[in-house]
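The values are calculated or read from the model by the stated rules, or taken from the named source; none is laboratory data. Computed from a predicted structure; not experimentally measured. Because the Cβ atoms are built from the backbone with ideal geometry, glycine has one as well, and the counts that use them run over all protein chains shown.
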Amino acid sequence: MSDMYAPLLTGVFISLLVLLGVFMISIYNSLITRNEAIKANWTVLDGHLKRRLNLITALTTILKRYPLEELDALTKLTNLDTIDPSAAIGQRSIQESKVSLALRNVIAEATNNDEVNRDEKFSRLKQEISQIEYGLQRARRAYNSLVVDHNTSIKCFPQIIVASWYDLSEASLFEGDDEFIEQTNAV
């Protein structure tokens, strides 16, 4: 009688192994998909950061034409101009937050100067900076949303097992300055 069930038990056992394998592959693929989405969103975020850096360079060029002794923020901003793009995301977010703060101060101080405020290039650049900051804010939120989803996912069972097998680790959030866009628009 037991010989009669042996092929059936073998078939059930093999079927369970195949189902387990398909399940683990599915988990692996979902984790990799999330990881790749994070990388793609980082590329978008990084593009906004590079564009902002170009705008900062143009802004400092415009503002250096004016006698602005009280514009200490411009000096601080130019000193922060050297951001290491290869830095870890957590460190880079700290650097970028400092740049956002200095940029906010520069725009606020420059806007208080009537001569600078009448400059059309400054006005256009200020608007471009506001737009890039808005895009940066949206890209940062999308990136952070994916990171939170990924980090939560790799902590849950059974994903934690697959993540540990393939050395998938938590991604870093990119903290930012949420109030910059509102203050730039208000100025």
Is at least one residue of segment 145-158 part of a helix (DSSP H, G or I), within 25 Å of Asn41 (Cα to Cα), at pLDDT 90 or above and touching a Leu at 6+ places or on another chain (Cβ under 7 Å)? yes
Restricting attention to segment 66-78, does a residue exist that is at pLDDT below 80 and under 20 Å from Glu175 (Cα atoms)? yes
If I go through segment 90-116 residue by residue, how many of them are surrounded by fewer than 15 Cβ atoms within 10 Å (Cβ to Cβ) and in contact with a Phe, Trp or Tyr (Cβ under 9 Å, 6 or more places away or on another chain)? 2
Only one of Ala108, Ala171 is touching a residue at least 12 places away in the same chain (Cβ under 8 Å) and either among the polar types (S, T, N, Q) or over 16 Å from Thr33 (Cα atoms) (or both), namely Ala108
Looking only at segment 28-51, filter to residues that are of a type outside the set (A, V, I, L, M, F, W, C) and over 17 Å from Ser86 (Cα atoms); which one of those is surrounded by the most Cβ atoms within 10 Å (Cβ to Cβ)? Arg34
Go through segment 51-71 residue by residue and tally those that are in contact (Cβ under 8 Å) with a residue 12 or more places away in the chain and either within 18 Å of the chain's Cα centre (by Cα) or not in a helix (DSSP H, G or I) (or both). 7
